[in-house]
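First comes the structure, then the notes that go with it.
The values are calculated or read from the model by the stated rules, or taken from the named source; none is laboratory data. Here the structure is a predicted model, which is why all the values come from computation and not from measurement. Neighbour counts run over all protein chains shown; Cβ positions are idealised from the backbone, glycine included. Protein only, heavy atoms only, side chains kept; ligands, DNA and RNA dropped before computing areas. Shrake-Rupley method; radii C 1.70, N 1.55, O 1.52, S 1.80 Å.
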Amino acid sequence: MAARTTQRAATESAQLVEMSWDPITRIIGNLGIYTKIDFANRRVAECHSTSSLFRGYPMFMKGKDPRDAGFITSRICGICGDNHTTCSVYAQQMAYNVKPPPMAEWIVNLGEAAEYMFDHTIFQDNLVFVDYCAAMVAQTNPSVMARAENTPAPNGGIHGYRTIADIMRSFNPFEGEFYREALRMSRVTREMFCLMEGRHVHPSTVYPGGVGTMPEPTVFTDYLSRLLSMLDFVKKSVAMNDDVFDFFYQALPGYEEVGRRRVLLGCWGAWQDPTVCDYRYETMNDWGRAMFVTPGIVVDGELVTTNLVDINLGIRILLGSSYYGDWVNEEPFVTRDPLGNPVDMRHPWNQTTLPEPQKRDFSGRYSWVMSPRWYDQRSGEHLALDTGGGPFARLYTTALAGLVNTPYVTTTGRSVQISLPKSERLPEMTLEWKIPPWSNAIERNRARVYFVAYSAAMALLFLEQAMERVRAGDIRVFTDFKVPDEAIGCGFHEAVRGVLSHHLVIQDGKIANYHPYPPTPWNASPRDSFGTPGPYEDAVQDMPIFEENGPDDFKGVDIMRAVRSFDPCLPCGVHMYVGNGRTITQRHSPMLGAQHG
């Protein structure tokens, strides 16, 4: 477990114990969770989410050649860098008014599908499930572990494990059978990615106007052979997750409250359809709704919009408890969008980053993460949307919209049906993800493995479309373009963990303003200027705790399950910036021979 500090504070009603986990382990970055826990009533009384590094990409993007944006922003993250490259390319293609050939789009889609399969698998099976494995549950909830030993696994005929405890043992770190199998699958899916985008995780073949990947039949057959080799794993994984998560609901009545918050979900859409998408802002609603994951915003279970123009114009960057100065008195970069709609001063197109480092103060400012919100014109609320870790929001919006209808994935209005062909050991199978009654830790985690299946199914469609192009002799992968002197662009995509947008302003042929907003600022945001807590804070605060340990040996497993269900990844939230070109230190580290002579 992560490091923690404890301090007792007496109150009139209860004795609160201050506990912090900083940094949160099993993720990259500097996420800290600070809580006050009421052990007498078994609940988290207060929660604050912090990040201790400064994000500076918008500052050092200024003045750069716009064509370099994808390569630079890829380095925002060493986990989902390709998602940033892809989103940056989308924004540039809007600014340059260029449409890549269809083959290029299918190749990018195949690369991104492989990335979802890779990242979701390694996070779910090698990081998240450590919180649900036998070794962990035996420490935190021994009575639950004892019950698991005697509970048959309903889907044992699919995955081969007799009891729930057998499944949980298979996820024990480094020793468990399925834990090790997931690591092997991560190698296979990385190879699939590299076939399409050249290099993981910073693509070498994706750029504005198309790709550099040569669309030879062997490239696609190599991808297909690896995809087919993992279908048994995908089918087993869904069945195992369902068995364990359903068991937790049964073994711990009320466990649906762990990590539960109001259903406020955002999804920016994924996988372009080249028969519709032309990257023009004026047609963005049409090609957005044609995506193979439908963009949308869900409020209290209602799909508010699927229009990317509405989504774009509703984005507001609030400060509140973050270490930044306000920019509302600066000169705006964009006053109206290409359709003539007014653009708010707090929109990413107009944002100026003004860092103000200071001491952490939970009654004032305490995080380097800003507070992105979505302005709901119906209610006047600035909504603290979350991504549900990515897959939960993607499946939720796609299910409600009912727009995706392919041979492998179909939507019903309340569910998503995923059809996978016969694999080496298991027969053809149709999996169905149904909209659950809660937005909580278990359902965020459950959605993740279903989206691995969704990605595998869509990859089959993308392969068919690419091979059809090859057979027709249309193997063009690039369209030439010129960088305009003045332009704006916006890219919308789904990073592994959820919503990803890049907003670009070009002046005099150079980048004048650039703001990437990945899922981490949305999920990890602190309390905003209206006092609204961010999603991590909201999901943990007032949550019951079910761990059987007391204050002296408390692991905080329920808190960790709630936070990790969002798939936190702090590199996207924070980066270092010094300013004025000052060199802090200069080192030379030779690759070979450093220990000799």
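Against the conditions (1) at pLDDT 95 or above; (2) within 18 Å of Cys194 (Cα to Cα), Ala95 satisfies every one except (2). Scan segment 422-441 for residues that are surrounded by 13 or more Cβ atoms within 10 Å (Cβ to Cβ) and either on the phi > 0 side of the Ramachandran plot or part of a loop (DSSP other than H, G, I, E, B) (or both) and jot them down. Across segment 422-441, the qualifying residues are Ser423, Leu426, Ile435, Pro436, Trp438, Ser439, Asn440. For the residues Phe54, Phe60, the requirement of being open to solvent by 10 Å² or more (accessible area, probe 1.4 Å), under 30 Å from Met196 (Cβ atoms) and touching a residue at least 24 places away in the same chain (Cβ under 8 Å) singles out Phe60.
Scanning segment 28-38 for residues being open to solvent by 30 Å² or more (accessible area, probe 1.4 Å) and either at pLDDT 95 or above or farther than 16 Å from Pro526 by Cβ (or both) gives a total of 3. From the list Thr387, Thr411, the lone residue that is of a type in the set (Val, Ile, Thr) and open to solvent by 20 Å² or more (accessible area, probe 1.4 Å) is Thr411. Against the numbered list (1) assigned to a loop (DSSP other than H, G, I, E, B); (2) modelled with pLDDT of 95 or more; (3) within 31 Å of the chain's Cα centre (by Cα); (4) not small (Gly, Ala, Ser), Asn41 comes up short only at (3). Set side by side, the residues Val263, Val206, Val276, Val258 differ, and just one is modelled with pLDDT of 95 or more, over 29 Å from Arg75 (Cα atoms), buried (at least 23 other Cβ atoms within 10 Å of the Cβ) and hydrophobic (A, V, I, L, M, F, W, C), which is Val258.
A Cβ distance below 6 Å, combined with a sequence gap of six or more or placement on separate chains, defines the contacts here; from segment 65-81, residues that are under 15 Å from Glu112 (Cβ atoms) reach residues that are open to solvent by 10 Å² or more (accessible area, probe 1.4 Å) and at pLDDT below 90 in the pairs Cys77/Pro571.
Of all residues in segment 472-481, those being closer than 22 Å to Ala114 by Cα and open to solvent by less than 50 Å² (accessible area, probe 1.4 Å) number 1. Beta carbons closer than 7 Å, at least 6 apart along the sequence or on distinct chains, pair a first residue in segment 107-128 that is under 16 Å from Val201 (Cβ atoms) with a second that is open to solvent by 10 Å² or more (accessible area, probe 1.4 Å) and outside any helix (DSSP H, G or I) for Asp119/Ile79.
Summed over segment 238-247, residues that are over 15 Å from Pro391 (Cα atoms) and open to solvent by less than 10 Å² (accessible area, probe 1.4 Å) total 6. Within this structure, Pro484 fails the test of being open to solvent by 10 Å² or more (accessible area, probe 1.4 Å), in contact with a Cys (Cβ under 8 Å, 6 or more places away or on another chain) and not in a helix (DSSP H, G or I).
Of the listed requirements (1) over 30 Å from Tyr255 (Cα atoms); (2) of a type outside the set (Gly, Ala, Ser); (3) not in a loop (DSSP other than H, G, I, E, B), Val416 misses just one: (1).
It is to be established whether one or more residues within segment 253-276 are in contact with a helix residue (DSSP H, G or I) (Cβ under 7 Å, 6 or more places away or on another chain) and assigned to a helix (DSSP H, G or I). Looking for residues that are in contact with a helix residue (DSSP H, G or I) (Cβ under 7 Å, 6 or more places away or on another chain) and assigned to a helix (DSSP H, G or I), one finds at least one in segment 253-276, hence yes.
Every residue, every condition in (1) in contact (Cβ under 8 Å) with a residue 60 or more places away in the chain; (2) in a helix (DSSP H, G or I); (3) touching a strand residue (DSSP E or B) at 6+ places or on another chain (Cβ under 6 Å), yes or no:
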residue: Arg199; (1), (2), (3): no, no, no
residue: Pro203; (1), (2), (3): yes, no, no
residue: Met214; (1), (2), (3): yes, no, no
residue: Thr221; (1), (2), (3): no, yes, no
residue: Asp242; (1), (2), (3): yes, yes, no
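Condition first: under 16 Å from Glu282 (Cα atoms) and of a type outside the set (S, T, N, Q). Now tell me which residues in segment 335-346 satisfy that.
Arg336, Asp337, Pro338, Leu339, Gly340, Pro342, Val343
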